[in-house]
Amino acid sequence: MQAEGVDVRARRELLHDTVADSFDVPTIVRLSLGRAWQTLSDDDRSRIEQAQFELILTTYAARFRSDGGERFVTAGAQSGGAAQVRVRTRIESPGASAVTLDYLLRDVDGEPRIFNVIADGFSELSMRRAEYTAIFERGGVQALLQEIDRLVAGNLERGQRS
């Protein structure tokens with residue numbers, strides 16, 4: 001994925017199945033929207049889940065731009081109860097401080113799926129919940145989808161700059 005000439009859209013395609021098999025997008029969206037989730041139609045839930053999947057996918061595709069000598073290190077795993085597991089990892093880059101990433105996984109139909117990522121102590125799910133709730137309260141489903149689309153476009157643009 002980090003080879004010369006592999007653009008962000010090609011990386012997106014390469015990552016598609018891995019992201020689909022690794023992330024529990026319905027849970028991410030449900031927890032991100034909190035009580036608002038209950039007010040949504042099945043169609044709106046599906047549209048938001050598809051947009052969130054695209055956001056996760058393009059976020060990772062944009063981050064894998066070039067080979068700068070980074071190493072992804074798994075530091076261990078621990079059970080968190082209620083069928084949850086925390087996988088502790090870090091990204092080590094030459095000349096930079098390591099970035100700690102903890103992946104929180106839950107069992108979905110017998111398979112572990114990521115529902116939260118904690119980057120250097122900050123929960124993506126908590127940040128997303130605060131952001132999505134505010135957007136939803138101001139403008140509903142359409143405003144939320146527009147914001148996610150804006151973030152996806154930003155990921156694609158950033159990923160092209162490499």
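Any read-out appearing in this document is the output of simple, stated calculations on the displayed coordinates, not a laboratory observation. These numbers were taken from a predicted model, which means no experiment stands behind them. Counting neighbours? That spans all protein chains shown, and the Cβs are built from the backbone with ideal geometry, glycine included.
Here the simple spin-label model places points 7 Å from the Cα toward Cβ, and for Val73 and Ser126 these points are separated by 2.5 nm. Coupling constants for the range 87-93 follow from the phi torsions by the Karplus curve (6.51 cos²θ - 1.76 cosθ + 1.60, θ = phi - 60°), and in residue order they are 9, 8, 9, 8, 10, 9, 10 Hz; glycine and proline get x.
Between Gln142 and Leu14, the contour length at 0.36 nm per residue exceeds the alpha carbon distance by 43.2 nm.
Sort Asp24, Asp43, Asp109 so that the residue with the fewest other Cβ atoms within 10 Å of its own Cβ comes first and the one with the most comes last.
Asp109, Asp43, Asp24
In this Cβ point-charge picture (+1 for Lys and Arg, -1 for Asp and Glu), the chain has a dipole of about 420 debye about its Cα centre. Of [x] 17.8; [y] 16.0; [z] 16.9, which is the value of Kirkwood radius over Cα pairs in Å derived from the coordinates here? Matching the structure shown: [z]. As a proxy for reagent exposure, ranking Leu144, Leu14 by other Cβ atoms within 10 Å from fewest up yields Leu14, Leu144.
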